[in-house]
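One structure below.
The values are calculated or read from the model by the stated rules, or taken from the named source; none is laboratory data. Given the structure is predicted, the values throughout are model-derived calculations rather than measurements. All Cβ positions, even for glycine, are placed from backbone atoms using ideal geometry, and neighbour counts span all protein chains on display. Accessible surface areas use protein heavy atoms only, side chains included; no ligands, DNA or RNA. Shrake-Rupley method; radii C 1.70, N 1.55, O 1.52, S 1.80 Å.
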Amino acid sequence: MRSNIHFPSLQYAYQCYNRIGIVRDSMKNEIMEHIKNVDPNKIMPMHNLNDIQGIRQRAQMPVVFDEDTESNISLDELNHILKSDACKIINIARFSIEKRLDRLIDVFQRFHQQHPDSYLIIIGGHGNLYQEILDKANNTQNVISIKSMKNPMSVLSKCDVFVLSSFYEGLPMTIMESLILKKPVISTDIPSVRQFFKHGYGYLVENSTDGLFNGINAFYQKELGPLQPFDAEQWNRQGIQEFYDIIEK
């Protein structure tokens with residue numbers, strides 16, 4: 001969790017501003033619970049938009065490492081894996097505690113023992129747990145850790161499934177980016193994703209090590225049912241209308 005929030009300033013803004021835009025509906029109850037004297041009528045949804053064309057264009061670009069990219073394998077090794085028939089699991093996230101990347105590596109280690117032709121790819125930017133995750137990846141077979149990659153879409157587009165292992169957080173944009181690239185998503189059952197997945201866009205699993213393992217294994221065995229397609233264009237149209245609703249009222 002980022003620690004750059006000044007709660008008194010946030011409380012003042014929520015009490016004094018005319019409108020409060022929230023990126024997920026469940027945030028309304030959270031605001032009302034933690035900040036007193038806030039008019040619930042001025043809390044309105046304003047969902048994040050997706051750069052649909054940009055996501056698809058970046059997905060078609062070659063996989064490259066940038067000057068500041070750090071990885072525990074070479075670019076040639078990564079490209080070889082991405083072109084192979086191996087099962088490729090990916091997570092794109094900050095190296096921070098709520099993402100529970102350590103738990104995901106533990107789950108993958110158990111999965112890999114049963115399915116040796118598989119890889120876990122973790123791509124992240126900032127986060128104070130980077131070294132810890134890197135060390136754990138280096139001590140677990142077929143786990144790839146990449147830090148500071150400007151275009152992770154080029155890797156995501158070549159993987160088989162996106163797995164969100166978070167213990168808690170809001171709705172990550174990476175879930176929608178995966179769906180735009182027609183990649184199935186498995187996620188721990190956290191409120192923000194549960195609300196989004198109620199439309200049938202992805203697979204929710206118990207927020208535990210066993211839950212993640214069972215979900216990944218069921219995906220590999222083709223035991224999960226079909227998903228509803230995510231209409232990103234309609235999502236963007238709704239988000240734009242929500243913006244106008246906020247400024248026009």
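Values for this structure:
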{"item": "Residue count, the stretch 219-249 (criterion: touching a residue at least 12 places away in the same chain (Cβ under 8 Å) and hydroxyl-bearing (Ser, Thr, Tyr))", "result": "1"}
{"item": "The stretch 192-235, residues that are closer than 27 Å to Gln53 by Cα, in a helix (DSSP H, G or I) and of a type in the set (S, T, N, Q)", "result": "Ser192, Gln195, Gln234"}
{"item": "Test: residue in the stretch 158-168 that is modelled with pLDDT of 95 or more, out of contact with any strand residue (DSSP E or B) (no Cβ under 6 Å at 6 or more places or on another chain) and closer than 16 Å to Asn72 by Cα", "result": "no"}
{"item": "Within the stretch 69-92, considering residues that are more than 20 Å from His115 (Cα to Cα) and within 22 Å of the chain's Cα centre (by Cα), the one most open to solvent (accessible area, probe 1.4 Å)", "result": "Glu70"}
{"item": "Hits in the stretch 93-115 - residues which are among the polar types (S, T, N, Q) and more than 17 Å from the chain's Cα centre (by Cα)", "result": "Gln109, Gln113, Gln114"}
{"item": "Scan of the stretch 53-67 for residues that are open to solvent by less than 90 Å² (accessible area, probe 1.4 Å) and among the charged types (D, E, K, R), ordered by number", "result": "Arg58, Asp66"}
{"item": "Of all residues making up the stretch 204-225, the number that are out of contact with any helix residue (DSSP H, G or I) (no Cβ under 6 Å at 6 or more places or on another chain) and open to solvent by 20 Å² or more (accessible area, probe 1.4 Å)", "result": "12"}
{"item": "Filtered residue count, the stretch 28-52, keeping only those that are touching a residue at least 40 places away in the same chain (Cβ under 8 Å) and either surrounded by fewer than 15 Cβ atoms within 10 Å (Cβ to Cβ) or closer than 30 Å to Lys150 by Cβ (or both)", "result": "6"}
{"item": "Sole exception among (1) within 18 Å of His112 (Cβ to Cβ); (2) surrounded by fewer than 17 Cβ atoms within 10 Å (Cβ to Cβ) for Met173, by number", "result": "(1)"}
{"item": "Residues that are open to solvent by 70 Å² or more (accessible area, probe 1.4 Å) and touching a strand residue (DSSP E or B) at 6+ places or on another chain (Cβ under 9 Å), drawn from the stretch 10-27", "result": "Arg19, Asp25"}
{"item": "Leading residue by the ranking (farthest from Leu179 (Cα to Cα)) among those in the stretch 226-249 that are over 21 Å from the mean Cα position of the chain (by Cα) and open to solvent by less than 50 Å² (accessible area, probe 1.4 Å)", "result": "Ile246"}
{"item": "Filter pass, Ile73 being closer than 28 Å to Ser178 by Cα and among the β-branched types (Val, Ile, Thr)", "result": "yes"}
